[in-house]
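Any read-out appearing in this document is the output of simple, stated calculations on the displayed coordinates, not a laboratory observation. All of these numbers come straight from a predicted model, not from anything done at the bench. Note: ideal-geometry Cβ built from the backbone for every residue, glycine included; neighbour counts use all protein chains shown.
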Amino acid sequence: MTVTVRVPAKVNVQLAVGPPRADGFHDLANVFLAVGLHDEVTATPADTFRLTCTGPDADAVPLDPTNLAARAADALAAHHGIATPGVHLHLAKDIPVAGGMAGGSADAAGALLACDTLWNLRTPHPDLLSLCADLGSDVPFSLLGGAALGRGRGELLTPLDVGGTFHWVFAVADGGLSTPAVYRECDRLRGTADVPEPQASPALLTALRKGDPHALAGALANDLQAAALSLRPSLADTLEAGKSAGALAGLVSGSGPTCAFLTEDAATAETVADALRRSGTCRTARPTTSPTPGATLL
């Protein structure tokens with residue numbers, strides 16, 4: 001028996017970051033949208049644990065116990081008292097690696113669902129979400145998909161209504177950015193300034209509910225963008241190239257360095273993607289849509 005799970009990338013249409021907490025994390029108001037760039041995680045029975053990977057940037061994916069997919073399999077096995085999980089996990093990557101689109105988190109969610117199905121464990125959904133939260137702040141949303149508001153460090157999810165399809169272009173940068181480094185830079189740039197508790201934007205939530213791309217474009221916000229630009233100043237050229245090509249708005253996706261551009265329709269998305277590819281400011285550009293389902297058995 002082989003089980004394959006498709007898992008989506010995400011974009012943060014709002015990422016409001018509070019002050020540092022005592023545990024080193026930050027409270028967030030994190031509005032997630034799952035987008036139509038996917039990895040596939042395939043689980044096959046094996047005598048021991050094995051992890052393989054193919055796809056763009058596969059050589060940048062660790063194939064050791066630090067990989068979130070490997071940790072997910074271990075966590076699920078431990079939850080059910082399984083001593084040594086025998087499984088071959090294969091990651092077919094299409095989500096940019098270290099690009100701020102939660103590719104590693106998606107793989108973890110995919111591994112949980114794939115192994116749960118392969119091992120016929122029937123873990124209750126709330127327990128799977130709890131395991132996801134232990135693995136990382138973005139992992140629960142990768143399981144859920146669609147659209148959601150994440151509170152706490154992003155793991156406490158409230159599903160959101162979306163009234164239509166949004167069209168995006170993602171400009172993929174060369175190399176990655178470390179999420180912890182971007183948060184540290186955000187704290188450094190803020191210095192001693194008072195940082196308010198993060199709140200979701202009512203205007204943004206209304207734009208999502210109405211499916212209004214123009215209103216959503218005016219409400220996009222990412223508190224980590226200044227830090228990402230500080231660490232990678234060339235991203236400013238990418239943002240300018242996308243907006244000059246006709247995007248309604250652009251922002252750094254999560255901790256970056258991928259940049260996300262919202263467009264009015266599919267035709268404009270293709271135009272913006274083509275212009276970005278020719279601009280020399282990014283490695284490639286990918287048009288797609290949102291929202292899309294979370295981890296899905298194929």
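Remarks
- Sequence-separation-based contact order of the chain, relative, with Cα cut under 8 Å and 6+ spacing, percent: 26 percent
- Converting the Cα gyration tensor eigenvalues of segment 166-290 into ellipsoid dimensions via √(5λ) gives semi-axes, longest first, of 24, 20, 10 Å.
- Extension reserve of the Thr289-Asp47 stretch, reckoned as 0.36 nm per residue once the Cα distance is removed: 83.2 nm
- Net length gained if the chain between Phe25 and Ala221 were fully extended (0.36 nm per residue, minus Cα distance): 68.6 nm
- Helix 266-279 axis, angle to the chain major axis (alpha carbon atoms, nearest 10°): 80 degrees
- Cut-off 12 Å between beta-carbons: net charge of the residues surrounding Arg151, Lys and Arg +1, Asp and Glu -1: -2
- Those aspartates and glutamates that a straight Cα-Cα span of less than 15 Å connects to Lys243, excepting residues fewer than 8 apart in one chain: Glu264, Asp265, Glu270, Asp274
- P(r) tail fraction, segment 79-119 - alpha-carbon pairs more than 15 Å apart, %: 49 percent
- Listed by chain and number, the aspartates and glutamates placed with their C-alpha closer than 18 angstrom to that of Lys93 are Asp39, Glu40, Asp57, Asp59, Asp64, Asp107, Asp138, Asp174; residues fewer than eight positions away on the same chain are left out.
- Between 0 and 90°, nearest 10: helix 103-118 axis offset from the chain longest Cα axis: 30 degrees
- Counted by neighbouring Cβ atoms within 10 Å, the residues Lys10, Lys243 run from fewest to most as Lys243, Lys10.
- Mean residue ellipticity (222 nm) of the chain, computed from DSSP H runs ≥ 4 via -39,500 (n - 2.57), nearest 500: -10500 deg cm²/dmol
- Sequence of Asp237, Asp161 once ranked by neighbouring C-beta atoms within 10 Å, starting from the fewest: Asp161, Asp237
- Across segment 3-160, the convex hull enclosing all Cα atoms gives 109 Å³ per residue.
- Between Arg190 and Thr165, residue separation times 0.36 nm minus the direct Cα-Cα distance comes to 5.5 nm.
- For segment 112-259, with +1 on Lys and Arg beta carbons and -1 on Asp and Glu, the positive-most of Ala133, Ala147, Cys186 along the dipole: Ala147
- Size of the chain: Rg and Dmax of its alpha carbons, in Å, are 18.6, 56.
- Each Lys or Arg adds one and each Asp or Glu takes one away; over the other residues whose Cβ falls under 14 Å from the Cβ of Asn30, this sums to -2.
- Our summary gives segment 1-160 a relative contact order of 30 percent, counting only alpha carbon pairs under 8 angstrom and 6 or more residues apart.
- Nearest 10 degrees, 0 to 90: helix 235-244 Cα axis against the chain principal axis: 60 degrees
- Percentage relative contact order, segment 166-290, counting C-alpha pairs under 8 Å, at least six apart: 43 percent
- Using a Förster distance of 25 Å, the FRET efficiency for Asp59-Leu298 (Cβ separation, nearest 0.05): 0.50
- Simple spin-label estimate for Arg209 and Thr84 in nanometres, 7 Å along Cα-Cβ: 5.5 nm
- Each residue in Val41, Val7, Val182 was given a count of other beta-carbon atoms within 10 angstrom of its own, and listing them fewest first yields Val182, Val41, Val7.
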